[in-house]
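**Q** Below is the structure I would like to discuss, written out as C-alpha cells.
The values are calculated or read from the model by the stated rules, or taken from the named source; none is laboratory data. Remember, it's a predicted structure, so these values are computed and weren't measured experimentally. Don't worry about glycine lacking a Cβ; one is built from the backbone with ideal geometry, like all the others, and counts go over all protein chains shown.
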Amino acid sequence: MSKSQPARRTAPGRSTGSRRARTPPGFPVDAYPPQAYPPGYPVPTLAPSGPARRLAVASLVSALLGITVLWLIGGILALYFGYRARNQIVENGQRGQRMAMAGIVIGWGGIAASGVLLAFWLLSPYSAR
C-alpha cells in the first residue's frame with residue numbers, strides 16, 4: 001500500500017504552474033502587465049518609400065547585375081539611376097543616399113572592368129580580327 005501524499009501548500013495568489021513557480025518570492029505574480037505605448041507617443045512604423053529610394057535600389061541592383069551578368073549595360077544603368085536618385089534625395093531630404101552612392105561606385109567599377117576586359121580581348125594575340 002502506498003501512502004497518499006499531502007497536498008502541496010502554496011502562498012496566497014500563487015499557483016503551482018511553471019510560469020508562476022519561477023516568480024521570485026516577495027513579488028506579486030502579475031505585478032508587471034504587458035506594456036503598451038503611453039498616450040501621446042507615436043507607434044513606430046516603417047518609413048515610407050519614395051521614388052528616390054526606389055531609384056537608389058534600382059541603382060544598386062543594376063550595379064550588382066553589371067558586375068556579374070550585364071557588364072557595360074548594368075554599369076551605365078547603375079550610374080543613371082544612382083545620379084538621378086542622389087539628386088532627388090538631396091532635393092527632398094529622403095533616405096537612401098548611401099545606397100545610391102554604392103550603386104554609383106560599383107557602376108563605375110563595372111564600367112572600368114568592362115573597359116579592361118574589352119582592351120584585353122582586342123589586344124590579345126588569339127582574338128580573331
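**Q** Confirm whether residue 45 is part of a loop (DSSP other than H, G, I, E, B), farther than 30 Å from residue 118 by Cβ, among the hydroxyl-bearing types (Ser, Thr, Tyr) and modelled with pLDDT under 70.
**A** no
Results for (1) hydrophobic (A, V, I, L, M, F, W, C); (2) more than 22 Å from residue 46 (Cα to Cα); (3) modelled with pLDDT of 90 or more; (4) assigned to a helix (DSSP H, G or I), shown as yes or no for each residue.
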site	(1), (2), (3), (4)
82	no, yes, yes, yes
86	no, no, yes, yes
89	yes, no, yes, yes
94	no, no, no, no
99	yes, no, yes, yes
103	no, yes, yes, yes
111	yes, yes, yes, yes
122	yes, yes, no, yes
129	no, yes, no, no
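**Q** Here are the criteria: (1) touching a Phe, Trp or Tyr at 6+ places or on another chain (Cβ under 8 Å); (2) over 28 Å from residue 46 (Cβ atoms); (3) crowded, with 17+ Cβ neighbours inside 10 Å. Tell me which single one residue 70 does not satisfy.
**A** Failing condition for residue 70: (1).
**Q** Also: Scan the range 115-127 and give yes if some residue there is of a type in the set (Val, Ile, Thr) and either surrounded by fewer than 21 Cβ atoms within 10 Å (Cβ to Cβ) or in contact with an Asp or Glu (Cβ under 7 Å, 6 or more places away or on another chain) (or both), otherwise no.
**A** Yes: one or more hits.
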